[in-house]
Structure formats: C-alpha cells, structure tokens
Amino acid sequence: MALDMVRARDWLAKSALKELFVQGLGWDRFRGKAMDVEVDGIGFAVEPVAEKCGFAVFLCRSAGGAIPDYPTRRKLEARIRKLYHEHIIVFTDDMQTEQKWLWVRREPGKPTVGREYTYRQGQSGEALLQRLNELAVELEEELKGITIVDIAGRVAKGLDRDKVSKKFYTRFKDEHAKFLKFLKGIPDEHLQRWYASVMLNRLMFIYFIQKKGFLSGDVDYLGSKLAESKQRGRDRFYRDFLCPLFFEGFAKKEADREPKTRKLLGKVPYLNGGIFQLHQIETAHGRAIEVPDKAFEALFAFFDEYRWHLDERPLKDDKEINPDVLGYIFEKYINQKQMGAYYTKEDITEYIGRNTIVPRLLDIARKNCKVAFEGDGAVWRLLQADPDRYIFEPVRRGVIADRGHDPNSTSNSGSCPRNLEPSVIPESRLPDFVQKGMHDPKARMFEKRYNLGDAELLDDKGNKLTLPTETWREYVARRQRCLELRKKLAKGEVRDVNDLITYNLDIRQFAQDAVEDAGPELLRAVWRGLNGMSVLDPTCGSGAFLFAALNILEPLYVACINRMRVLLGDLAQSGRKHSPKSTKTSAKSLSRSNNTRTNTTSSSRRLSSATSTAWT
C-alpha cells in the first residue's frame with residue numbers, strides 16, 4: 001500500500017503516530033503498556049505506538065518537557081533494546097513542536113550507528129514520509145506471511161541514509177558505462193574512463209547550483225541549453241556549449257568574457273577554477289574529443305529523476321539528493337577505481353586496521369584526556385553496561401540467544417518472536433552426551449560424537465547456531481570462553497585498551513560508542529587524534545590497507561562531527577553560560593565541515609585525500 005501523503009503530513013504535524021503507522025502504513029496496534037524509564041535520575045514516559053511482527057515503535061516524552069540530549073536518547077535506546085531488539089523511538093517535546101526519530105543500524109562486522117531524523121512543525125516532512133513509505137505493508141503480504149526479518153529489512157531500506165546513496169550509486173555506475181560508450185577521441189581506455197568521471201563530476205555539480213537558480217535563474221539550465229543547441233545543429237552541445245561554459249563561463253569573471261560567450265551562456269557565476277579548469281586529458285586530446293547529444297539526453301533524464309538540493313539546515317525544505325550522495329559517488333567510484341584498491345580481501349585489511357588504528361587512536365585520547373579512562377565515570381562502563389554488544393557475533397552464536405528470541409523455545413511456529421532480554425542458551429538445549437561430556441573428562445575422552453561429530457544446534461526456524469565445520473568439543477570450548485568473557489565484562493574487569501585486543505572484542509564498536517557518549521574533553525581528544533593520525537600502507541602497493549583505514553576512521557570522524565553538533569545545539573538550547581574557549585574546537589570544526597558541503601562529504605574528501613597522498 002502506498003502511503004497517502006496528504007493524510008500522512010497531517011498525522012505527522014499533529015504527532016498522531018498511531019494513525020500514521022496503523023492506518024497509513026498497515027502496521028498493528030501495540031497492545032503493550034506504557035513504561036516509565038529512568039535515565040540519570042530523569043523519568044521518561046515511553047508509550048507504545050505500533051508494531052509489526054515484533055518490530056516496535058515507541059513515543060518518548062520526558063518529565064521535563066524538552067527532548068533529551070543525544071547521550072540520554074542513546075541510553076534510553078539501549079534500555080529499550082533489551083526488551084525489543086528491533087525498534088524505532090520517536091522523541092517529542094510537551095508542545096509536540098519537534099520530533100526526533102531514532103533508529104539504530106546494525107550490520108554484521110560493522111559498528112552500530114544511530115540514524116536520527118528531525119521533524120519540526122512547519123516543515124513538509126516530505127523526506128521523512130518518503131522514507132517511512134518503505135515501511136508500508138500490504139494485506140496480500142500479511143496473508144502470504146511476513147516476518148520480523150522482512151520488516152527490519154524495510155526499515156533499514158527506508159531509514160538508512162546510505163541506502164539512498166547506494167541506490168543512486170548503482171544507477172550511476174550504469175549511466176557512467178553508457179556515457180563511456182558515447183565518448184570518442186581519447187585513445188587510451190583508462191583515460192576514457194577517467195574523463196567520463198570528470199565530465200559526470202562537473203555535470204552533477206552544475207545540477208546542484210542550477211536547482212538553486214544560480215544559472216540565469218533557470219532551474220533546468222542544462223536541459224534548456226541542450227534544447228537550444230539541438231536547434232542550432234546536431235551534436236554540438238559538448239563542443240559549442242559545455243566547453244565555453246566550463247572554460248570561459250565558470251573560469252572567467254563576467255567582465256572578462258567575450259560578448260558572444262555572455263549571450264550564449266546567460267548570467268552564470270565565476271567559480272574561480274577548481275573542477276572547471278582545463279583537465280590534462282583535455283590539454284592532450286581536447287580537439288579530438290567528441291560526445292554526441294544522445295549521451296547528455298540520457299544522462300540528464302537520469303539526473304531529472306532525482307531532486308537536488310544544497311541546503312541541509314533543519315528548517316529548510318527537505319528534498320532527496322544532496323551532497324552526501326555526491327561524496328559517496330566520488331569516494332566509492334571515482335577515487336577508488338582510479339587508484340585500483342581491489343586486491344587484498346577486506347576481512348584481512350579490516351582486521352589488521354581495526355587492531356592497530358583504533359588502539360592507537362584510543363591511546364592518544366587517553367593521553368590527552370586521562371579522566372575519561374579512569375574512575376567510575378570512565379568509558380569502560382560501556383563494556384559493563386552491555387557486555388554482549390562488544391562480543392563478536394560468531395563468538396556469541398549458539399551461546400547467547402539473540403535479543404527478541406526465547407532461549408528455551410524449540411517452537412518452529414510462524415508466530416512473531418517474544419521479546420526478552422538476551423540470555424544464555426541453557427545446557428538443556430544440548431544433546432545428552434554433550435551435557436555429560438562438558439563436566440566429565442572421562443565421559444568425553446572416547447566419545448566420537450563429542451570430539452569429532454559436527455555440532456548441530458538449531459534455532460526456532462531451523463537455522464544452524466553453530467559455526468561451519470565446528471565439532472561439539474570446539475563448540476563447548478567456545479561457549480566456555482564466551483561466558484567467561486561476558487562475566488569479565490559485566491564485572492568491569494576489562495579496563496585497558498590492550499585487553500580489548502587480547503580478548504578480541506569489538507573495538508570499533510567500543511570507540512564508536514565512546515565518541516557518541518563523549519563529553520567535550522574526550523571528544524576534543526579523539527578529534528585531535530583523528531586529525532593528527534598518519535597511516536602507512538604496509539603493502540606499499542594497491543592501497544587496499546589505506547582504504548581499510550578510511551572505512552575504519554570515517555565513521556569515527558563523522559561521529560565526532562555529529563557529536564559536536566549535538567553538544568553545541570544542546571548548549572544553545574539550554575541557555576547556560578559558558579566560556580567560548582570550551583566550544584572553540586567544536587565550533588571551528590563544524591564551520592570547516594559546513595564549508596566543505598556536509599559531514600559525510602567533508603570526511604570522505606578529507607580522508608580520501610589523506611590516503612591518496614600517502615599512497616602516492
């Protein structure tokens with residue numbers, strides 16, 4: 001079912017979330033009771049909104065009336081996660097003038113990342129509603145059978161920012177390949193691909209500024225000029241219009257342009273070089289390059305399927321394609337393909353990078369902010385509060401029940417799973433000979449099934465909970481290690497960076513959580529560590545390790561930027577007096593981030609530039 005946008009806007013504006021989910025999206029009424037949750041001495045009313053197959057939506061209001069700050073929101077999310085692993089929380093103030101939608105992305109092998117979307121009264125809410133439309137459930141789907149896995153996938157598709165970028169990126173690759181086929185006059189295949197990327201780079205930039213009306217006031221400037229060019233003759237758009245636009249229009253002040261150029265281009269801004277300077281490929285092969293009009297017709301048709309905007313401030317109109325997507329394209333396609341980072345498998349480079357780069361960053365942070373790593377308020381409390389979060393899934397598999405499933409259940413029914421706190425799968429679920437062998441060395445000594453037999457432990461749906469080729473003896477050893485490690489974490493016995501490596505804990509997730517929970521001093525220490533870090537590729541070849549470093553550091557870089565925004569925003573909202581020096585680092589960093597378009601774009605470009613420099 002497609003979401004009725006007219007009714008949905010009204011529901012969203014009135015904070016009528018039950019109607020939005022139940023009537024608009026086809027979810028079920030939540031029969032659960034409201035909960036009172038206390039975090040740091042503050043009470044919060046958490047009301048059930050809707051659910052579908054165990055995926056829950058909650059509305060949260062605080063006793064103080066205002067939306068809680070980001071660390072408190074994440075603490076609330078962690079409390080609710082223990083009861084409902086898959087969920088969305090909508091935070092609102094007493095006057096219901098603002099909403100913050102929080103969903104946490106969880107992917108195997110990657111740190112969990114909070115995704116927040118803000119809606120304020122007076123906004124259209126179009127961008128948020130377009131994302132929520134992915135959550136709609138048809139009656140026919142209900143009859144065929146739908147599971148929490150299906151719902152979780154839809155929520156990820158709708159609320160994960162990367163999904164929009166990846167969808168555009170997939171189409172971009174196809175259009176890049178099509179454009180390449182039209183390109184003539186460049187003898188080298190590698191240079192052809194490079195020049196196609198350069199052209200698409202330029203044209204996407206123009207699409208952003210034309211939609212702001214910066215090009216003769218025409219929001220469809222390129223399309224209009226292509227139509228005019230076709231009236232003057234066939235296949236003249238590239239040579240007779242784009243080249244003058246690039247190298248005379250954007251590259252020269254209006255007073256320095258020829259009269260015929262001003263007439264041809266109309267009123268366009270001077271952009272002072274950059275991507276519109278003459279490229280080395282154009283210097284070598286410029287006279288021979290040919291691109292027919294059909295290439296641009298197809299490309300513009302693709303671009304026109306999206307809406308392009310530059311403004312990211314929350315009170316502005318919310319649209320679809322923004323510079324985040326552009327940064328994603330440049331990082332994933334143009335930069336990496338030109339640099340040839342293909343060869344070393346990602347699991348190897350990620351493992352090495354994770355256990356060298358993140359410890360180094362934490363050591364730097366500890367040196368510059370000792371208080372954050374000492375005492376009761378130390379970052380180590382994160383491990384104690386939620387031990388399972390930092391134990392890798394393959395270690396937990398078949399030992400600790402997934403949140404949302406009853407560890408004692410053996411039912412294979414298609415009903416929605418119960419939501420329980422994570423708990424240990426009891427020994428009673430194991431075969432009798434395994435239970436006996438676990439505690440009796442003599443019994444297991446000559447038991448072939450125990451020592452050589454494949455471990456077969458299944459969940460409610462028949463999925464195997466043991467590792468590939470794992471024997472029962474190996475499973476028992478892993479189980480014992482997992483439970484011992486869980487106990488150590490819960491007791492607060494892990495309080496050193498080296499221990500994170502020794503026990504093979506998820507140090508990336510720990511660092512990510514530490515940043516998202518950080519106060520100003522720790523945040524400043526991590527930020528300085530990130531900005532001062534250099535990475536040398538041990539292979540001195542493909543650059544694969546450098547891109548592994550990029551993938552490890554970029555989420556932390558973005559998390560720092562987002563945390564700075566939250567800290568400054570909360571400070572401004574509270575009206576508390578503060579020394580300008582206390583926020584100088586955050587304000588300066590955010591200013592630099594805003595000046596380089598957006599968080600994701602700036603971090604991608606900064607880190608990609610660093611890897612490029614080190615690689616060459």
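Coordinate-derived values only; no laboratory data. This structure is a prediction, so every number in the text was calculated from the model and none was measured. For neighbour counting, all protein chains shown are included, and Cβ atoms are generated from backbone atoms with ideal geometry for every residue, glycine included.
In segment 470-524, a dipole from Cβ-located charges (positive for Lys and Arg, negative for Asp and Glu) runs towards its positive end, and of 522, 483, 502 it is 483 whose Cα lies farthest in that direction.
If the chain linking residue 367 and residue 144 were pulled fully straight, counting 0.36 nm for each residue of separation and taking away their Cα-Cα distance, it would gain 74.5 nm.
Here the extension length gained between residue 29 and residue 239 equals 69.5 nm, from 0.36 nm per residue of separation less the Cα-Cα distance.
Remark: relative contact order (segment 40-163) = 20 percent; criterion is Cα-Cα distance under 8 angstrom and separation of 6 or more residues.
Eigen-decomposition of the gyration tensor built on the alpha-carbon atoms of segment 198-281 gives equivalent ellipsoid semi-axes of 17, 15, 15 angstrom, largest listed first.
Anything over 26 Å Cα to Cα? Flag those among 75/488; 75/144; 184/225, in the order listed.
Beyond 26 Å: 75/144.
Modelled label positions at residue 97 and residue 502, each set 7 Å beyond Cα in the direction of Cβ, lie 5.4 nm from each other. Within segment 442-484, list the chymotrypsin sites (Phe, Trp or Tyr not before Pro) lying in a DSSP loop whose Cβ has at most 14 other Cβ atoms in a 10 Å radius. Those satisfying the criteria are 446.
Approximating the spin labels as points 7 Å out from Cα along Cα→Cβ, the residue 220-to-residue 7 distance works out to 3.3 nm. Per-residue extension of 0.36 nm, minus the Cα-Cα distance of residue 36 and residue 231, leaves a gain of 63.3 nm for this segment. If R0 is 35 Å, the Cβ-Cβ spacing of residue 355 and residue 474 corresponds to a FRET efficiency of close to 0.90. For segment 5-160, the alpha carbon convex hull comes to 110 Å³ per residue, rounded to a whole number. Just list whichever of 230/252; 18/211; 82/367 have alpha carbons separated by over 30 Å in the model shown. Where the Cα-Cα span goes over 30 Å, the pairs concerned are 18/211; 82/367.
For segment 62-71, backbone phi angles converted through the Karplus equation (6.51, -1.76, 1.60; θ = phi - 60°) give residue-by-residue couplings of 9, 5, x, x, 8, 5, x, 6, 4, x Hz, Gly and Pro being listed as x.
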